[in-house]
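Here the structure comes first, spelled out in structure tokens, and everything after it is commentary.
The values are calculated or read from the model by the stated rules, or taken from the named source; none is laboratory data. Fair warning: this is a prediction, and the values are worked out from it, not measured in the lab. Virtual Cβ from ideal backbone geometry, glycine too; neighbours counted across all protein chains shown.
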Amino acid sequence: MMPALETVGLHKRFGALVVANDINFSLEPGARHALIGPNGAGKTTFINLISGRLPPSAGHVLLGGRDVTLLPQAARVRRGLGRTFQINTLFRGLSVLENVALAVAEREGRGGDMFRSASSRRGALEQAYALLQRLRFAEDALTRVQELPYGKQRLVEIAIALGLRPSVLLLDEPAAGVPSAESATIVEMIEQLPPDIAVLIIEHDMELVFRLARRITVLVQGRVLVEGAPAEIAADARVREVYLGERQHG
């Protein structure tokens, strides 16, 4: 089976500083995969290389077997790569429904018609509402984003990314800064994601990682240390040493 996302020899340096070192990584269709590692491991750099925010110094990024290394971010989105948006990119004065509808319209190449054409607007709104219903988020459809608690604003990010119908979804610390009372809702939404979407989760919360991921990659100093099933990662002495700070004695 062809990987949904693959990196081959991915390398990034800033002068003498190497932040991604020959990373070979594969994400299968429908995967639920977590990327973990200590602070400074290079996780954000890796995601920025995948999404096109940073150009690699060497290596390749493939989406569905097609080389997208030289493509800009927007072109990768059109090829099926979705990434959760930062809060400050949301249209906070618009409703949840309108934010998601804008993503739908953009996916269909009708973003500029969204507020000019009644038919384009209606079609996008209908698709957006159907998506919010599937995500059990429809009760907040007409609420302006700025009126939502922070945890629900993070849910809007995920809904917008799904409005683009990605084959690969990058979730960059989806529960970061979210009160524990609200983080459960984010976990539930992630668990409800369509099974055909390959999901890569970058997260510090180990409880969330072990609940959601079927496979885990550990990144340390820009290199892949180990990859395996959650039970294998939990039992790996190298992971305990570099990530959990435990030292082996004897």
*Would segment 163-176 turn up any residue that is assigned to a helix (DSSP H, G or I) and loosely packed, with under 13 Cβ neighbours inside 10 Å?*
no
_Lone unmet requirement of (1) surrounded by 15 or more Cβ atoms within 10 Å (Cβ to Cβ); (2) under 26 Å from LYS12 (Cβ atoms); (3) at pLDDT 90 or above for VAL242_ = (3)
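Can you tell me which residue within segment 119-151, out of those that are of a type in the set (Asp, Glu) and within 18 Å of ALA161 (Cα to Cα), is surrounded by the fewest Cβ atoms within 10 Å (Cβ to Cβ)?
GLU126
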*Identity of the residue in segment 198-239, buried (at least 20 other Cβ atoms within 10 Å of the Cβ) and small (Gly, Ala, Ser), that ends up nearest to PRO3 (Cα to Cα)*: ALA198
*Got a sec? Which of ALA237, ALA213, ALA229 is touching a helix residue (DSSP H, G or I) at 6+ places or on another chain (Cβ under 9 Å) and modelled with pLDDT of 90 or more?*
ALA213
*Cross-chain or 6+ apart pairs with Cβ under 9 Å, segment 233-250 first and closer than 18 Å to GLY222 by Cα and in a helix (DSSP H, G or I), then modelled with pLDDT under 60 and among the β-branched types (Val, Ile, Thr)*: none
*Name the residue, out of VAL218, VAL178, VAL242, VAL156, that is closer than 17 Å to PHE46 by Cβ and touching a helix residue (DSSP H, G or I) at 6+ places or on another chain (Cβ under 6 Å).*
VAL218
_With the requirement that a residue be more than 15 Å from LEU5 (Cα to Cα), of a type outside the set (Phe, Trp, Tyr), part of a loop (DSSP other than H, G, I, E, B) and within 15 Å of the chain's Cα centre (by Cα), what does segment 39-91 give you?_
ARG53, THR84, GLN86
*For segment 70-97, enumerate the residues that are surrounded by fewer than 17 Cβ atoms within 10 Å (Cβ to Cβ) and not aliphatic (A, V, I, L, M).*
PRO72, GLN73, ARG78, ARG79, GLN86, ASN88, THR89, PHE91, ARG92, GLY93
_Hits in segment 127-178 (condition: hydroxyl-bearing (Ser, Thr, Tyr) and either at pLDDT below 90 or over 24 Å from ILE36 (Cα atoms) (or both))_ = TYR129, THR143, TYR150
*Check on ILE190, outside any loop (DSSP other than H, G, I, E, B), over 12 Å from the mean Cα position of the chain (by Cα) and within 25 Å of THR45 (Cα to Cα)*: no
